[in-house]
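Asks: Supplied in structure tokens, the structure appears directly below.
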Amino acid sequence: MTIHLTAADYGAVLPIMIVLGGALCLLLTDAFVKVHETEIATGISLATLLLAFAASAHLWAVNAGPAFPQGAGAMITGDRFGQFFNFALLLSSALAILIAPPYIRTSHFDAGEFLSLILFATAGMMLMAASLNLMVIFLSIELLSLALYILSGFDRNRPRSQEAGFKYFLLSSFASAFLIYGMALIYGATGSTNLIRIVNVLGGHAGTVASTHTVLSSPFVLIGIALMAVGFAFKLSIVPFHMWTPDVYQGAPTPVTAFMSVATKAAVFPAFLRVFNLALGAESHRWFGILWALAIVTMIVGNVLALSQSSMKRLLAYSGIAHAGYVLVAMSANNRLGATAVAFYFIVYAFMNIGAFALVLVLESRGEAGDEIATYRGLFARSPLLAVATGVFMFSLAGFPPTAGFFAKYYAFAAAVQAGHTELAIIGVITSVISLGYYLRVVVLMFMQPVEAGAEQVRAGPLSDFMLTASVAGLFVVGLVPWFYNLAVQAVQSFFHFTT
Amino acid sequence: MTPDASSYLIISAILFTLGTVGVLVRRDPLIIFMCIELMLNSVNLTFVAFSHYLSSADGLIFVFMIMTVAAAEVVVGLALIVSIFRTREDIDVDQLDEMHG
């Protein structure tokens with residue numbers, strides 16, 4: 001059998017190849033360039049991300065219809081759903097790299113190695129968003145995880161960073177084992193690892209597969225679903241599989257935390273959607289209960305535990321857990337609005353969450369204890385821009401209109417109501433009210449408390465200033481201009497093409 | 001008498017459970033690491049059994065992927081363990097408790 005690769009096949013992986021190529025370039029230049037290393041490495045990585053963004057936008061324009069260019073046996077797709085998540089992933093990677101240089105300098109990191117690992121992780125995430133086969137999902141989840149293990153433990157001489165890297169490594173590979181055991185059972189039940197073929201077998205149109213051999217026994221499907229849910233839940237830090245999150249977020253270098261808090265979720269959720277809502281869509285009566293319970297527990301536990309944190313990174317870790325719960329609400333609705341809400345959420349989440357970490361980063365790069373919430377007292381007097389921007393991020397995370405955070409949450413809960421699960425939306429709103437307790441505490445400290453005598457002014461540096469301004473503007477623009485939401489609607493049209 | 005697919009599946013389920021229990025009860029990172037490898041290999045056995053039973057090659061290719069990834073994980077994992085070992089004398093996971101709350 002010969003394999004014919006067409007231009008469309010290469011086109012579908014072009015954005016991923018650009019990011020991988022950029023990462024290799026970074027490693028090469030790192031070997032030769034000895035002056036202005038950080039500036040050059042940052043420039044190369046941002047240029048790579050921009051180029052990949054252009055390639056992704058081109059793919060979006062080319063794959064205009066819901067049609068699927070690579071045929072039903074494909075492992076990777078260049079569809080609009082994947083491209084939309086590529087936009088979110090490239091955006092979060094770029095925002096994290098924009099605020100990283102001062103931190104890289106003060107921690108004496110090797111800029112080339114550090115940034116190329118971020119690019120490798122980004123490539124793995126993009127591959128994950130584009131995957132149409134359980135095998136590719138497994139490979140890409142490992143590609144992104146391996147890079148993130150090293151990044152979490154990158155500060156080799158700081159025990160907390162070592163501990164973060166090692167904890168993340170052990171728990172994440174433990175979760176991978178569950179994920180692939182689930183995949184093995186689904187493979188046994190359906191006879192294929194290809195998501196489209198799984199849809200056909202479970203949807204009752206067998207015939208494309210060697211259906212005579214198909215086991216198709218329901219215990220395999222049920223256990224497979226449960227095991228895969230455990231695997232995905234670990235990666236998404238969904239309660240009760242969230243224990244690693246606060247420790248890893250607190251211990252890892254702050255630019256890494258900012259990056260992984262958004263990008264890992266923006267990569268795993270599309271794959272989670274493709275596996276559960278698409279491939280196992282016919283089995284939704286089996287998995288709905290699992291996701292329903294996980295969503296409720298995650299929203300409650302994440303928001304309640306965040307209330308008592310004194311470390312900003314831990315607070316944001318629990319806030320991240322809570323937000324994973326909101327997205328899970330949208331996903332378990334299992335309708336078009338739900339998938340749209342998931343896609344829209346991550347564009348918004350990239351701006352507000354990485355923005356919130358920027359404050360920690362700016363203070364840490366100055367050698368201050370940026371992680372301690374108590375040090376934010378009177379920050380408005382020390383740096384108006386930083387304080388106002390962080391205030392906007394906090395209001396957006398809490399879900400105040402007119403910031404985009406409100407609309408993201410609104411669509412997520414609206415999807416649950418449309419699917420007839422008003423209880424999920426009600427619990428979501430109640431837990432959002434609880435979340436005001438910790439988001440507003442930060443705002444009150446910054447604006448309404450007097451600054452300590454002798455505290456210096458804080459200047460963030462040009463790149464960080466640009467990033468903060470862009471994120472604040474982004475939060476209002478994405479929220480108020482309907483074009484972005486329409487983009488998500490179009491992205492989801494390609495996703496649901498197969499189930500109808 | 002050749003054993004049928006279900007015997008292989010039962011064996012691999014037992015191995016997977018042993019690995020899971022090992023990860024949860026042992027405290028030495030290397031042993032935990034070995035238990036994770038045991039879990040991965042029990043999955044490999046499942047894939048091979050299904051692949052043979054279904055006469056489909058997908059499962060066999062998956063096994064190669066898992067073995068490659070497991071090798072890469074060993075590299076990163078051992079490197080992390082070595083870097084921790086350089087700064088402290090012993091590595092018991094219960095002592096990795098600098099952060100909690």
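Rule-based calculations on the coordinates, nothing more; no lab input. Being a predicted model, the structure only gives us computed values, none of them experimental. Backbone-built Cβ (ideal geometry, glycine too); neighbour counts: all protein chains shown.
Asks: Is there a pair in A:LYS265/A:LYS409; A:LYS235/A:LYS313; A:LYS265/A:LYS313; A:LYS34/A:LYS265; A:LYS167/A:LYS265 whose C-alpha atoms are over 26 Å apart, and which pairs would that be? Intermediate values should be presented prior to the final figure.
Replies: On the way: A:LYS265/A:LYS409 16 Å; A:LYS235/A:LYS313 18 Å; A:LYS265/A:LYS313 17 Å; A:LYS34/A:LYS265 35 Å; A:LYS167/A:LYS265 18 Å.
With Cα atoms farther than 26 Å apart: A:LYS34/A:LYS265.
Asks: Taking a virtual spin label 7 Å from the Cα of B:LEU30 along the C-beta vector, which residues in the stretch B:62-89 bring their backbone nitrogen under 17 Å of it?
Replies: Counting backbone N atoms under 17 Å from the label point, the list is B:74-89.
Asks: Can you tell which of A:LEU305, A:LEU291, A:VAL262 lies farthest toward the positive end of the dipole of the stretch A:244-388, using +1 and -1 charges on the Cβ of basic and acidic side chains (Lys, Arg; Asp, Glu)?
Replies: Toward the positive end, the furthest listed residue is A:LEU291.
Asks: How tilted is helix A:80-99 with respect to the longest principal axis of chain A? Cα atoms for both, answer in degrees (0 to 90, nearest 10).
Replies: 20 degrees
Asks: Could you state the principal axis extents of the C-alpha atoms in the protein assembly as shown, from the largest down, to the nearest angstrom?
Replies: 85, 57, 48
Asks: What size of dipole, in debye to the nearest 20, comes out for chain A about its Cα centre when the only charges are +1 on Lys and Arg C-beta atoms and -1 on Asp and Glu C-beta atoms?
Replies: Details: 21 positive and 20 negative charges, 116 e Å.
The dipole magnitude comes to about 560 debye.
Asks: Which one, A:LEU202, A:ALA460, A:PRO450, is farthest towards the positive end of the dipole of the stretch A:7-499 when Lys and Arg carry +1 and Asp and Glu -1 on their Cβ?
Replies: A:LEU202
Asks: For the protein assembly as shown, what is the mean residue ellipticity at 222 nm derived from helices alone (per DSSP H run of n ≥ 4: -39500 (n - 2.57); sum divided by total residues; nearest 500 deg cm²/dmol)?
Replies: After summing the helix terms and dividing by residue count, I get -25500 deg cm²/dmol.
Asks: Expressed as an acute angle from 0 to 90° and rounded to the nearest 10, what is the orientation of the C-alpha long axis of helix A:284-306 relative to the principal long axis of chain A?
Replies: 10 degrees
Asks: Let me ask something else about it. How do B:PHE16, A:PHE484, A:PHE466 rank when sorted from fewest to most other Cβ atoms within 10 Å of their own Cβ?
Replies: A:PHE466, A:PHE484, B:PHE16
Asks: Using the Kirkwood formula on the Cα atoms of chain B, what hydrodynamic radius do you get, in angstrom to one decimal?
Replies: 15.5 Å
Asks: Counting other beta carbons within 10 Å of each residue's own, what order do A:TRP60, A:TRP292 fall into, fewest first?
Replies: If I rank by nearby Cβ atoms, fewest first, I get A:TRP292, A:TRP60.
Asks: To make sure I understand, if each residue's beta carbon is the centre and we count other beta carbons within 10 Å, what order do A:GLU456, A:GLU39, B:GLU37 fall in, fewest to most?
Replies: Lowest to highest Cβ neighbour count: A:GLU456, A:GLU39, B:GLU37.
Asks: Output the relative contact order of chain A, whole-number percent, from Cα pairs under 8 angstrom with separation of 6+ residues.
Replies: Here the relative contact order equals 16 percent.
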